[in-house]
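To start, the structure under review is shown below, and the notes come after it.
The values are calculated or read from the model by the stated rules, or taken from the named source; none is laboratory data. Predicted model only: the values in this text are computed from it and were never measured. Cβ placement follows ideal geometry from the backbone for every residue including glycine, while neighbour counts extend to all protein chains displayed. The area values use the complete protein model at the heavy-atom level, side chains included, leaving out ligands, DNA and RNA. Shrake-Rupley method; radii C 1.70, N 1.55, O 1.52, S 1.80 Å.
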Amino acid sequence: TPGEILDWTIKSENSGNAAALEYKTVGHIPRGTTFVADSAKADGAKTVYSTDNGKSYSAQPMIEVKQADGSVKQVPAPTSMYTEIRYEWADPLAAGGKLSASYKVRVK
């Protein structure tokens, strides 16, 4: 239903015998939905976003907007342009360790 909020949770578990270094996980923003600003949660993770289907990520994606005088200005991309969200942990994910990350989207 348009306007409905959907909650997404990503659960990760290291079932290996060694720590996972530079662990990252990606959540997709489904077509027909928009990322809900400030809804990304994950203890100890840096959160970055993509507006180009995962080709590049930034903590604050920027877009170019043409001004009335013809110049181009870099401005923050609206969350409606976000296509992916990536969580990056600096600390290794220990063998047997578990992590959880979440975010929300709104149905268009």
Margin query: Can you find, within the range 10-38, the residue that is farthest from LYS55 (Cα to Cα) among those that are of a type outside the set (Lys, Arg) and open to solvent by 80 Å² or more (accessible area, probe 1.4 Å)?
Written below: ASN17
Notebook entry, point to check: When the range 57-108 is examined, which residues are found to be basic (Lys, Arg) and closer than 29 Å to ASN14 by Cα?
Noted result: ARG86, LYS98, LYS104
Notebook entry, point to check: Would it be correct to say that LEU6 is in contact with a strand residue (DSSP E or B) (Cβ under 8 Å, 6 or more places away or on another chain), loosely packed, with under 15 Cβ neighbours inside 10 Å and of a type outside the set (D, E, K, R)?
Noted result: yes
Next item on the list: Return a yes/no flag: does the range 97-106 have any residue that is open to solvent by 70 Å² or more (accessible area, probe 1.4 Å), closer than 26 Å to ASN17 by Cβ and not small (Gly, Ala, Ser).
Entry: yes
Next item on the list: Working only within the range 39-50, note down all residues that are surrounded by 12 or more Cβ atoms within 10 Å (Cβ to Cβ) and of a type outside the set (S, T, N, Q).
Entry: ALA40, LYS41, ALA42, ALA45, LYS46, VAL48, TYR49
Checklist line | Subset tally (residues that are in contact (Cβ under 8 Å) with a residue 12 or more places away in the chain and surrounded by 11 or more Cβ atoms within 10 Å (Cβ to Cβ)) for the range 57-74 | finding: 4
